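Asks: Encoded as structure tokens, here's the structure I'll be asking about.
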Amino acid sequence: HVARGGRRLLNNRHNLEAAQLTAEQWRERWEAERWFLAADGECGKRFGNETIRVTPDGEVSIKLPAPLAHLANSKHGRYVLATRVQFQHRGAEWRDRIEDNRAVAYRIHLDVERDRWYLTASWTRPVVQTIPLQTARSEGMVGVDTNADHFAAYRLDRHGNPVGDPK
């Protein structure tokens with residue numbers, strides 16, 4: 001990035017009228033792009049992240065740095081946010097990760113247009129292991145024929161041809 005917030009936001013500053021923004025509105029968006037807190041995930045840490053922690057029931061807490069520890073409202077220098085969160089998209093996958101203490105990265109950021117704070121979670125999904133088609137075909141395969149009026153499964157030989165009647 002040339003600037004946090006992106007080139008479009010930077011260019012809007014020179015074209016406020018076209019962007020339908022006042023200088024104050026632009027400044028608010030520009031500064032909001034810098035109002036974020038992010039923490040990479042850590043395998044083996046409780047709920048997958050030591051700095052920003054989200055429990056299975058949605059409680060969000062932030063580990064404050066030592067100079068700010070006196071502002072904590074919970075044990076161990078943690079500040080617990082007043083609201084709870086939930087993840088609709090891939091929520092079950094997220095829950096599996098945090099219950100196994102696998103790494104989850106979080107980002108808390110302000111969306112000025114909606115006047116809301118958001119928390120996003122991310123992680124690296126495992127690469128699906130595949131085998132070469134030649135290897136899969138060596139012992140035979142099952143082919144599935146799906147049409148509007150029927151469903152049939154065939155055993156296929158190593159060349160991909162049906163063997164026997166459909167099941």
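The values are calculated or read from the model by the stated rules, or taken from the named source; none is laboratory data. None of these values were measured; they are calculated from a predicted model. Neighbour counts run over all protein chains shown; Cβ positions are idealised from the backbone, glycine included. Just so you know, the surface numbers come from the protein's heavy atoms only, side chains and all, with ligands and any DNA or RNA stripped out. Shrake-Rupley method; radii C 1.70, N 1.55, O 1.52, S 1.80 Å.
For every residue, the table says whether it meets (1) among the aliphatic types (A, V, I, L, M); (2) not in a strand (DSSP E or B).
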site: 128; (1), (2): yes, yes
site: 135; (1), (2): no, yes
site: 144; (1), (2): yes, no
site: 149; (1), (2): no, yes
site: 159; (1), (2): no, yes
site: 165; (1), (2): no, yes
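Asks: Being of a type outside the set (Phe, Trp, Tyr) and touching a helix residue (DSSP H, G or I) at 6+ places or on another chain (Cβ under 8 Å) is the filter here; which residues of the range 84-98 pass it?
Replies: Passing the criteria: 97, 98.
Asks: So residue 118 fits all but one of (1) more than 30 Å from residue 13 (Cβ to Cβ); (2) under 18 Å from the mean Cα position of the chain (by Cα); (3) without any contact (Cβ under 8 Å) to a residue 12 or more places away in the chain; what number is the exception?
Replies: Condition (1) is where residue 118 drops out.
Conditions tested, residue by residue: (1) farther than 30 Å from residue 25 by Cβ; (2) open to solvent by 80 Å² or more (accessible area, probe 1.4 Å); (3) part of a strand (DSSP E or B).
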position	(1), (2), (3)
53	yes, no, yes
92	yes, no, no
96	yes, yes, no
101	yes, no, no
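Asks: Here is a list: 107, 29. Which entry is closer than 23 Å to residue 126 by Cβ, touching a residue at least 60 places away in the same chain (Cβ under 8 Å) and in contact with a Leu (Cβ under 8 Å, 6 or more places away or on another chain)?
Replies: Going through 107, 29 in turn, the sole match is 107.
Asks: Does residue 34 satisfy being closer than 17 Å to residue 108 by Cβ and assigned to a loop (DSSP other than H, G, I, E, B)?
Replies: So residue 34 fits the description; yes.
Asks: So, one more: Consider residue 132 carefully, then state whether it is at negative phi, within 27 Å of the chain's Cα centre (by Cα) and open to solvent by 60 Å² or more (accessible area, probe 1.4 Å).
Replies: Considered against the rule, which asks whether it is at negative phi, within 27 Å of the chain's Cα centre (by Cα) and open to solvent by 60 Å² or more (accessible area, probe 1.4 Å), residue 132 comes out as no.
Asks: Taking the range 72-90 as the search range and keeping residues that are assigned to a loop (DSSP other than H, G, I, E, B) and within 19 Å of residue 37 (Cβ to Cβ), which one is most open to solvent (accessible area, probe 1.4 Å)?
Replies: Top of the filtered list is 73.
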